[in-house]
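Contents: one structure, followed by commentary.
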Amino acid sequence: HAKQNGKGAAVVFDERHEAAIRDMAVVEQALRSADLEQEMSVHFQPLVDIVSQRTIALEALARWTSPEIGPIRPDVFIGAAERSGQIVEITRLLVAKALREMRAWPMDVRVSINLSARDIASMENVRRLLAIVSESCIAPHRIDFEITETAIVCDFDQARDALAAFHELGVRTALDDFGTGHSSLSHLRLLPLDKLKIDASFVSDIEHNPTSEDIVRTVLQLGRNLRMECVVEGVETEAQRDRVAALGATVMQGYHFARPMPAEAVPGYLNGEAVSAARRRRGRGAGP
Ligand code: C2E
Ligand code: MG
Ligand code: MG
Ligand code: MG
């Protein structure tokens, strides 16, 4: 494509492309020499029930600060870790860290944890994950594993067995970034999935693109019919919140409600929310 824009554009493209490849090689090298246990941490972002205005779950999100290059974005280092295979170790660490953090939470909200294709690519990997769950003091029914359709199409039969094994222990499953990638309705029919997370890209232009609005409305309806819980991701503004709420969504996640926060901030955040809820109840009680 670069050639069509003339020689100058092609040169700029190539240089940027090379710089990106160099950067990626640096990231991959730093990751290989990383002390994952020390350098990986977990942040949490609330999933909010807009009716009760309360957090019902928090999504665990990996954070990595390399001592050599500083903080690296998850979509960059997760991709690198998936290619190197280190993702399997990172996921085990993240699951263990997230479940450990939950012990300090003041109420029984759920946790939602992202898995990659490799994490469910063998029953041995699945068993190792379930062992971490069993060894924690967290009830399996408080845990959701999020997987993307990309992970499912890698090996459909294996993905189905993995999800069934999670279910057997009581861990629930969510389909992440729904509507992007290889969306297929047969996934919903053939796999034991409890939850759909509607991708943020449908929300970002919902006020200007009637098609996005139609898609969100239709997916919410589909979720209701299939008795799957729906979460709308990437709600950044009040206007988006209102639009999505008008389409029937009740659970949302996004900067409008809260940004991902360090694990230490979660207990205070949940307590603060409980205080505001009590104040709202008293306010109503004292009203006319
Ligand atoms: P995801 O699982 O779809 O997670 C949601 C991403 O959207 C997070 O990005 C979150 O910070 C971001 N986000 C939340 N609300 C908003 C909003 O209102 N606006 C915008 N623009 N973004 C919002 P993050 O933390 O950078 O993670 C990016 C992706 O990296 C995740 O997407 C997930 O696919 C992957 N990832 C993160 N942590 C892990 C992990 O522990 N394991 C695996 N396998 N993947 C992970
Ligand atoms: Mg996710
Ligand atoms: Mg997502
Ligand atoms: Mg995503």
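Length gained on full extension, Ser276 to Glu15: 88.7 nm, using 0.36 nm per residue less the C-alpha separation.
The modelled label-to-label distance between Ser201 and Glu37, using points 7 Å beyond Cα along the C-beta direction, is 3.9 nm. Contact order, relative form, for the chain: 17 percent (alpha carbon pairs under 8 Å, 6 or more residues apart, mean separation divided by residue count).
Pairs of Cα atoms nearer than 8 Å and 6+ residues apart set the relative contact order; for segment 35-175 it is 20 percent. Taken as Cα centroids, segment 67-108 and segment 224-255 sit 26 Å apart, rounded to the nearest whole angstrom.
Helix-derived [θ] at 222 nm for the chain: sum -39500 (n - 2.57) over DSSP H runs of at least 4, divide by residue count, nearest 500? Could the numbers behind the result be given before it?
Values: 12 runs with 148 residues, N = 288.
Computed mean residue ellipticity for the chain: -16000 deg cm²/dmol.
Taking 0.36 nm per residue of sequence separation and subtracting the Cα-Cα distance, how much length would be gained by fully extending the chain between Leu169 and Arg83, in nm to one decimal?
Numbers: separation 86, 0.36 × 86 = 30.96 nm, distance 2.92 nm.
Roughly 28.0 nm would be gained on extension.
Of all DSSP beta bridges in the chain, what percent run antiparallel (nearest 5)? List each step's numbers first, then the result.
Values: 17 of 40 bridges.
The antiparallel proportion sits near 45 percent.
Here the dipole of the chain is about 980 debye; that uses its Cα centre as origin and unit charges on the Cβ of Lys and Arg (positive) and Asp and Glu (negative). The trypsin sites (Lys or Arg not before Pro) of segment 81-165 meeting both criteria, a DSSP state outside H, G, I, E and B (loop) and at most 12 other C-beta atoms within 10 angstrom of the site's C-beta, are Arg103. Between Cys154 and Glu28, how high is the FRET efficiency from 1/(1 + (r/R0)^6) when r is the Cβ-Cβ distance and R₀ = 30 Å? Nearest 0.05. Working from the Cβ atoms, E equals 0.90.
None of the figures in this text is laboratory data; all of them are computed from the coordinates on show. All of these numbers come straight from a predicted model, not from anything done at the bench. Heads up, the Cβs are rebuilt from the backbone with ideal geometry, glycines too, and the neighbour counts pull from every protein chain shown.
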